[in-house]
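Bear in mind these aren't lab numbers, they're just calculated from the coordinates by the rules spelled out. Fair warning: this is a prediction, and the values are worked out from it, not measured in the lab. Cβ placement follows ideal geometry from the backbone for every residue including glycine, while neighbour counts extend to all protein chains displayed.
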Amino acid sequence: MNTVQPALAVDRLRTHFFTKAGTVKAVDDVSFSVNSGEVLGIVGESGSGKSVTGFSILGLLDPPGEIVTGSIKFQGEELVGAGARRMRSLRGNRIAMIFQDPMMTLNPVLRIDTQMKETIKAHRNLSDRESYEESLKALDLVGIPSPPERLKNYPHQMSGGMRQRIAIAIAFLNKPDVIIADEPTTALDVTIQSQIIHEAQMLCEKTGTALIWITHDLSVIAGLADRICVMYAGRIVETGLTNEIIDRPQHPYTQGLIGSVPSHNKRGKRLFQIPGMTPSLLNLPRGCAFKSRCNYADQVCGKAPEITSVGEGRYIRCHHPAPERVAG
Amino acid sequence: MTDILETRKLTKNFVKKLDLAAKIAGHLGANVTEETVYAVDKADIRLVKGEVLGLVGESGCGKTTVGRMVAGILPATSGKIIYKGKNTQSLTGAVLKDYQLSVQMIFQNPFASLNPRMRVETIVGEAARVHGLISSSEFSGYVDDMLLQVGLDPDFKRRFPHQFSGGQRQRLGIARALAVKPELLVCDEAIAALDVSIQAQILNLFMDLKDSLDLTYLFISHDLSVVEHISDRVAIMYLGRVVETARTEALFSGPNHPYAQALLAEIPRLDQRNRRFYTIKGEIPSPLNPPSGCHFHPRCPSATARCRSEVPLLKQVGEDHFSACHLND
């Protein structure tokens, strides 16, 4: 395992936003890696820093956001501090992103074919005819009926689910090595969600693309990911294989999250609930960010816990991890 | 088991009126017609006192429109809403007011449903005072009680909505609805905009309130695992029509309608690993131009010629279990 170079390795990444109100530590000491053909799930609630992690990898941060320290290695190549030209040649080519809102990807005043051919020709030396053929194939792959007609459409002529599939087709156009999907199915209905996940799964299997799936929905990620990172207030609090995380969570936050999923509970019974709410990233409590909501917090938690290994590929950031505690 | 509310052939069409240019074009002989969206088509639902009816379906299926008609926010195009045995369209005066107060709605977006310029005490207490449920001297204490009931600190009552988080605002929305002593709450995607850990808090609150205040819920959601958790009975809608209703256990263990079967198979669950995600073929057709016969026939794997021509009606297929599918005949 260790001899294989990961497709993407993030090491001790810190992305901070220097605002007038203070420094927002959106991503604070985050490390993970993902191998080719693997699906990594990043789970967290709003404000946990999961999207900013994605933006940092692609170099899409706008001021006042800034990568403070850390490294992002794409197939061994350092991306932190890489030039704008280099990033442009990677983005959409070797690393692609799928956003929650497909209109972040699509230009509303250009036809789909223009946008797709543009993506191909920006990175590869293909003729108009060849890039058209590739676009057709890509639309067919994501299950869009009658691709030749659809290519002539504008984004507003399509439904939300179809736009998201176009965005996915564009992400896969240049057969990237890494795809970062940021809540791609959150705004969609269950049946459309299944379709989208189905396409992503098939494409990753066929092309060996590494997939980073960012979501707040544990039930989706349980069925999709090989490994899971759980983020809370800018930090990874627990990471491990999917089975380990879902069946034997050790961090009180992960336990609470899993306990509060309705399908995990008896029908009609009270759900397990995490008290309180996510703290503001502007003034995080000293020490462990979760301590004010945690049932097991004590004096030790006034000191921030370090991320520690508790088994093969399994890390946890907590002073009181306990495998036997089961929430709910 | 008494029905608190029942809808009979409840229908809502939205007609897009022609603008001036289109009217002129029409006079000149151009082929322009008014567009009609068939949002809800002869929906029959039934709410038993003290139960939670889950109303599920994909976006555009008309579930919110049903909720709004039940809550009296939208007038129905045709059909009846029977509340406690009386047709609500024929109510007048005090009886009508009584019905309007006893059915309250909780909205999806707690950021849009609270007036940002009003203080919490006004938002929560105003309706009760205006309708004479409380006197001005009781106002302050009443607001305190309402806030405590939904788990908020009464000290917050001089604040404005923007000073609260999403979960707290949803609690405010619930307090506002409860302040006029309703018997039926229409919860329209009431937890969809909240974070996972907050969703659990609000769901628990709904269940506690139901027991302590003897409420009935029409719980509208697209999240099937939430509906499965909270509902006693479930109605599934597809493109404006109710296609299946049953008790929750019966529906989730043995859905009858092909759409219900496909929909329930798609629910992501924690205990499924490395699963294959499958798809219902095709997309939801536009309610502007719904398919003939059974609305689901273009996507249905077992559609027959009859499904293309004849609209299926809800028929009993089990105890308290109704389905609208020709395959049952």
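Points to keep in mind about this one:
- Net charge over other residues, Cβ less than 13 angstrom from the Cβ of residue B:240 (K, R count +1; D, E count -1): +2
- Amide H to amide H, with H built 1.01 Å from N, residue B:106 comes under 5 Å of B:186, B:187, B:188, counting only residues 5 or more places away or on other chains.
- Each listed q (0.08, 0.09, 0.15, 0.16 Å⁻¹) maps to a log10 I(q)/I(0) for the range B:3-254, found by the Debye formula over equal Cα scatterers with no solvent: -0.35, -0.44, -1.07, -1.18.
- Helical mean residue ellipticity (222 nm; -39500 (n - 2.57) per DSSP H run of 4+; nearest 500) of chain B: -9000 deg cm²/dmol
- One quarter of the surface of the convex hull around the alpha-carbon atoms of the range A:147-205 equals 4.5 nm², the direction-averaged projected area.
- For the range B:181-223, the alpha carbon positions stretch 28, 17, 14 Å along the principal axes, listed from largest to smallest.
- What the Cα convex hull of the protein assembly as shown gives, in volume per residue, is 195 Å³.
- Amide H to amide H distances under 5 Å link residue B:237 with B:56, B:57, B:243, where only residues 5 or more positions off or on other chains count and H is placed in the peptide plane.
- Beta bridges by DSSP in the range B:3-254, antiparallel share as percent, to the nearest 5: 55
- Residue order for B:220, B:267, A:316, fewest other beta carbons within 10 angstrom first, comes to B:267, A:316, B:220.
- Within-12-Å neighbourhood charge of residue A:114 [Cβ basis; K, R +1; D, E -1]: +1
- The range B:167-212 versus the range B:4-33: alpha-carbon centroid distance in Å: 36
- Listed by Cβ neighbour count within 10 Å, with the fewest neighbours leading, A:87, B:105, A:231 appear as A:87, B:105, A:231.
- Estimated 222 nm signal from helices in chain A, with DSSP H stretches of n ≥ 4 weighted -39500 (n - 2.57), rounded to 500: -9000 deg cm²/dmol
- Local electrostatic count at residue A:17 - Lys and Arg +1, Asp and Glu -1, tallied over other residues with Cβ under 12 Å: 0
- Between the Cα long axis of helix B:196-213 and the first principal axis of chain B there is an angle of about 70°, rounded to the nearest 10.
- Long-range HN-HN contacts of residue A:231 with modeled amide H, under 5 Å: A:43, A:44, A:237
- Order of B:61, B:307 under a 10 Å beta carbon neighbour criterion, fewest first: B:307, B:61
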